[in-house]
Each structure stands twice: as structure tokens, then as C-alpha cells.
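Notes for the one structure printed next.
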Amino acid sequence: MPEEMHAVLSDIRTVEDMVEAFRDEEHCRRLLEAMVWPNGRICPACGYKRSIALAGRNTGQRRARPGLYQCSNGDCRHQFTVTTRTPLHSTKLPLRLWLKALWLILQSDKGLSSVRLAEALGVSQPTAWRMGHALRLMVARENPLGGTVEVDWFYLGGRPKKDLGEPPPGRGRKGQPQTTKSPAMARVQRPPSTKVGAPAGDARATIIDDLSALEAARVLGKEVQLEAHLMSDEWKAFTTIGHNFADHQTVRHSTQE
């Protein structure tokens with residue numbers, strides 16, 4: 001997380017401090033921009049690092065709102081804000097509400113339920129659930145896993161209901177899926193210390209489309225540092241992309257390892 005955002009959050013000690021720090025929408029927007037663009041604005045469409053502010057300019061039907069920018073790339077000219085193509089894309093909630101939720105989630109060591117978050121922010125429980133999910137995605141994007149990272153895949157879901165009109169999966173019929181469950185990929189970061197009381201490593205899981213190397217590269221490329229040491233089994237997708245990291249070691253389940 002950028003130093004500016006970290007300094008503001010670390011100076012907040014009480015709920016009253018949090019309310020005071022996030023009372024101004026313009027200040028909250030600049031804090032969020034520091035979190036999303038720590039090294040300056042970047043166009044989310046083409047990645048160009050130059051843009052102009054459109055705040056107050058006449059864009060046709062109305063004047064541009066604060067925080068609206070336009071890419072300076074002549075082939076792009078994409079207009080964007082700090083929430084464009086992020087988990088907060090097209091949000092109708094004020095940014096001060098998002099930052100209050102972020103502070104509450106970061107202050108909770110054991111997690112914060114959507115019910116408690118809704119009570120604290122004065123929103124509905126479904127809204128609080130979506131807010132918590134989006135904020136955890138944003139924080140995860142700013143903190144890729146490093147060190148030694150163990151990865152594996154598994155199937156997620158319960159036993160499907162029996163359908164008398166359809167044969168059960170996994171019977172070897174051509175073109176028939178082996179299971180109706182959803183594949184998922186887990187990443188677990190080993191803790192730097194094994195002493196009692198030392199902080200645990202981070203753990204994440206993502207639903208994937210299939211068990212291909214392309215899906216593995218998509219997930220690991222976003223959330224695991226290239227300098228990390230990857231640990232996995234001999235699944236073909238892992239062995240295919242393992243050379244992209246600093247080190248890759250595998251275990252052999254076939255030999256009871």
C-alpha cells in the first residue's frame with residue numbers, strides 16, 4: 001500500500017478519528033488515487049502514463065466531474081476515474097463510505113462480517129457484503145504473495161442432486177464432464193518464521209475456468225511475485241509456468257511424497 005495511504009490509516013486511532021479523516025469526498029478521492037496509482041496516473045485501457053484532468057470542462061451535455069481524466073495517447077483518448085476497471089468500477093456509493101469500510105476491515109484481525117459492516121456504515125447487508133468483497137480484492141492486488149508460495153487446485157461444491165433424466169458424470173462417456181463441481185486454485189504463503197506467536201502467511205483461493213496452464217498463469221501472474229519460490233505438485237500446468245518464477249520445486253504424489 002502506498003506510503004500516503006498507509007500514513008493516513010496509521011494515524012487513525014479511534015472511530016472518531018476515522019470519521020474525521022474521511023469526512024471530505026475530495027480528500028478521500030486523492031487518498032484512493034494514491035492507493036491505485038502509487039507511481040502516477042495510468043490509463044486503464046492502454047497503460048499510457050500521461051493524462052489530463054477534465055474537471056470543470058464542458059464535455060458536451062454536462063461539465064466533467066472532479067476526478068475525471070483523459071488519456072493523452074492519441075490512439076486511445078479513454079476517459080477514466082480512479083475506480084475505472086477496479087473492483088469499485090461504476091460504484092454509486094461515496095468514496096468516503098468505501099474508505100470507512102476499508103479502515104474497519106483492516107482493523108479487524110479476525111475478519112468483519114457483512115452484518116457488522118452494514119451496521120457500522122448504515123447500509124444494507126447485501127451492499128456491505130459486496131463492499132467487503134471488492135475491498136479485499138483491491139488490497140490483494142496491492143500485496144502480491146512472495147517468499148515461498150505453495151499452490152494447488154481442488155474442486156469446490158457439494159454433491160449434485162440426482163437427475164433421473166441425465167446419466168451421472170464420470171462414467172467415461174465421450175464429451176461428458178468428470179464432475180459438476182467448480183475448479184479452484186489455492187495459494188498459501190509460508191510464514192517467515194515458525195516460532196509460536198509469529199504471524200501466519202496469507203492464503204487465497206480463486207475460482208478458475210479450467211485446469212489449463214493459461215488459467216494458472218492468469219491467476220499466479222497477478223498475485224504471486226516473480227521472485228517467489230513456487231511449490232506445487234506435478235500438475236502439467238504448474239510445471240509449464242514454473243520457470244517464470246525464481247525457483248520451482250514439485251512433490252510426487254505418485255511416490256507417496
From the set of residues in the range 172-202 that are open to solvent by 70 Å² or more (accessible area, probe 1.4 Å) and under 21 Å from L220 (Cβ atoms), which is modelled with the lowest pLDDT?
A200
Please determine, by comparing only the residues of the range 8-35 that are at pLDDT below 80 and assigned to a helix (DSSP H, G or I), which one is nearest to H89 (Cα to Cα).
M35
Of all helices (runs of 4 or more DSSP H) completely enclosed by the range 83-158, which ones contain at least 1 residues that are touching a residue at least 60 places away in the same chain (Cβ under 8 Å) and surrounded by 16 or more Cβ atoms within 10 Å (Cβ to Cβ)?
95-107, 125-142
Return the residues of the range 185-210 that are touching a strand residue (DSSP E or B) at 6+ places or on another chain (Cβ under 8 Å) and aliphatic (A, V, I, L, M); say none if nothing qualifies.
M185, A186, V188, A203, A205, I207, I208
Output yes when any residue across the range 57-64 is open to solvent by 90 Å² or more (accessible area, probe 1.4 Å), within 18 Å of L135 (Cβ to Cβ), at pLDDT below 85 and out of contact with any helix residue (DSSP H, G or I) (no Cβ under 7 Å at 6 or more places or on another chain), and no when none is.
no
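The values are calculated or read from the model by the stated rules, or taken from the named source; none is laboratory data. All of these numbers come straight from a predicted model, not from anything done at the bench. Positions of Cβ are generated from backbone atoms using ideal geometry, with glycine treated the same way; all protein chains shown enter the neighbour counts. Note: accessible area is taken over every heavy atom of the protein model, side chains too, but ligands, DNA and RNA are not part of it. Shrake-Rupley method; radii C 1.70, N 1.55, O 1.52, S 1.80 Å.
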